[in-house]
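The values are calculated or read from the model by the stated rules, or taken from the named source; none is laboratory data. Only a predicted model underlies this, so the values are computations on that prediction, with no experimental measurement involved. Every residue, glycine among them, receives a Cβ derived from its backbone with ideal geometry; neighbour counts consider all protein chains shown.
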Amino acid sequence: MMILGMFGGCFAAALWANNVKLRMPRSRIRIMQAIIGGIIAGFGARLAMGCNLAAFFTGIPQFSLHAWFFAIATAIGSWFGARFTLLPIFRIPVKMQKVSAASPLTHKPDQARRRFRLGMLVFFGMLGWALLTAMNQPKLGLAMLFGVGFGLLIERAQICFTSAFRDMWITGRTHMAKAIIIGMAVSAIGIFSYVQLGVEPKIMWAGPNAVIGGLLFGFGIVLAGGCETGWMYRAVEGQVHYWWVGLGNVIGSTILAYYWDDFAPALATDWDKINLLKTFGPMGGLLVTYLLLFTALMLIIGWEKRFFRRAAPQTAKEIA
C-alpha cells in the first residue's frame, strides 16, 4: 500500500508541475544498463532486508547496526559502479544536428491547467482510497497516506539516493549526501523519543547479507542510473529508461525471494539483530549514532575538498 501511495503521490506531483512526457532511451546500451543494474540492485536490496530507505535512511535512525553495514557497503559498491560506468563501452556517441535557427521554448497554458486538474484528481483519489482502507485496516491506510506524502516529496525535490553516492565519486557534488545525513540526524531523535514511549524499532540481522547486499545494491543503482526512489518518480514522468530499471528491480527481488530459504541461515537469520540502544544503553546508543553520523558528514566534506583540490590544477591546465 505504501508503494501504491508513493506512485500516486509522484504522479500527482509530476502532473502539477506539467512534467509528464514520454522520453525514450537513446541507446540499447542504456536499456541493458537499466535492466542488469536493476536486477543487481533489486537482488542486493532484498538480500540486505531493504533498499536505501528501509536499510539505510530509516534503518540508521532506528539504531539497527545492520543499516550501518549496509550504508558503508553501498558507498563502496557505488564507487566501483561509478568507475565501471566510465568505461568506454558506456560512452554513447553524440549525434550533432544542424539547425538554421534556435527553437523557441513553447509553453501550453491549457495543457498545464488540464494536467494540474488531473493531478488534483489523482491526489484526492489516493487520499480517499487511503482513508477508506484505514477504516478497516488502519495500518495499511496510514502506510498509503505516508506513501502519498513521500511520493510528493521525492518528485518535487527530485530526491535520488543514487545521485547522492554517484555524484560524490564522479563530480565531487555532495549536497544530496549531506542532506541525507542531516535528515537521518533529525529522524533519529524523533524515533528515539518514540522508542522511549515503548514503540519497538525495526531491527534486522547484522550479518553478511547486509554487507553483500549493500555492495550489490550500490553497484547496481549506479549502473542502472536510479535507485528504488529515483526510478519511481522518473518513471511516472515518462522516462522510459526507468521503466526498465523498475522491471529489473522486480526480477532481482523475485530471484532473491525464490532462493531466500537457501541463503537465509548462513547470511542472515543465524546472525544477531543488534540494537544500538540495547548494546550501549538508550543514551549511549543515541550518542554513538550521532557520532557515526557526524563522522560520515566529516568524511563527505573531506572528500569534497580533496576532489576539488585535485581537480583545480587539471582545470587550470585545460584553460591554459
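Of all the numbered requirements in (1) in a helix (DSSP H, G or I); (2) small (Gly, Ala, Ser); (3) surrounded by 13 or more Cβ atoms within 10 Å (Cβ to Cβ), residue 128 misses one, and that requirement is (3).
From the set of residues in the range 239-271 that are more than 30 Å from residue 29 (Cα to Cα) and in contact with a strand residue (DSSP E or B) (Cβ under 7 Å, 6 or more places away or on another chain), which is surrounded by the fewest Cβ atoms within 10 Å (Cβ to Cβ)? Only one residue fits best here, namely 269. Does the range 261-284 contain any residue that is out of contact with any Leu (no Cβ under 7 Å at 6 or more places or on another chain), aromatic (Phe, Trp, Tyr) and not in a helix (DSSP H, G or I)? Yes, some residue in the range 261-284 is out of contact with any Leu (no Cβ under 7 Å at 6 or more places or on another chain), aromatic (Phe, Trp, Tyr) and not in a helix (DSSP H, G or I).
Are any of the residues in the range 305-319 of a type in the set (Phe, Trp, Tyr), in contact with a Phe, Trp or Tyr (Cβ under 9 Å, 6 or more places away or on another chain), surrounded by 15 or more Cβ atoms within 10 Å (Cβ to Cβ) and modelled with pLDDT of 95 or more? The answer is no; no qualifying residue exists. Would you please name the residue that is surrounded by the most Cβ atoms within 10 Å (Cβ to Cβ), looking only at residues in the range 272-301 that are among the hydrophobic types (A, V, I, L, M, F, W, C) and touching a Gly at 6+ places or on another chain (Cβ under 7 Å)? Result: 276.
Just one of (1) part of a helix (DSSP H, G or I); (2) surrounded by fewer than 19 Cβ atoms within 10 Å (Cβ to Cβ); (3) not aromatic (Phe, Trp, Tyr) trips up residue 172, so point out which. Residue 172 satisfies every listed condition except (1). Just one of the listed residues (218, 226) is surrounded by 24 or more Cβ atoms within 10 Å (Cβ to Cβ) and assigned to a loop (DSSP other than H, G, I, E, B), and it is 226. Total residues in the range 273-305 satisfying the condition of being of a type in the set (S, T, N, Q) and within 17 Å of residue 185 (Cβ to Cβ): the figure is 2.
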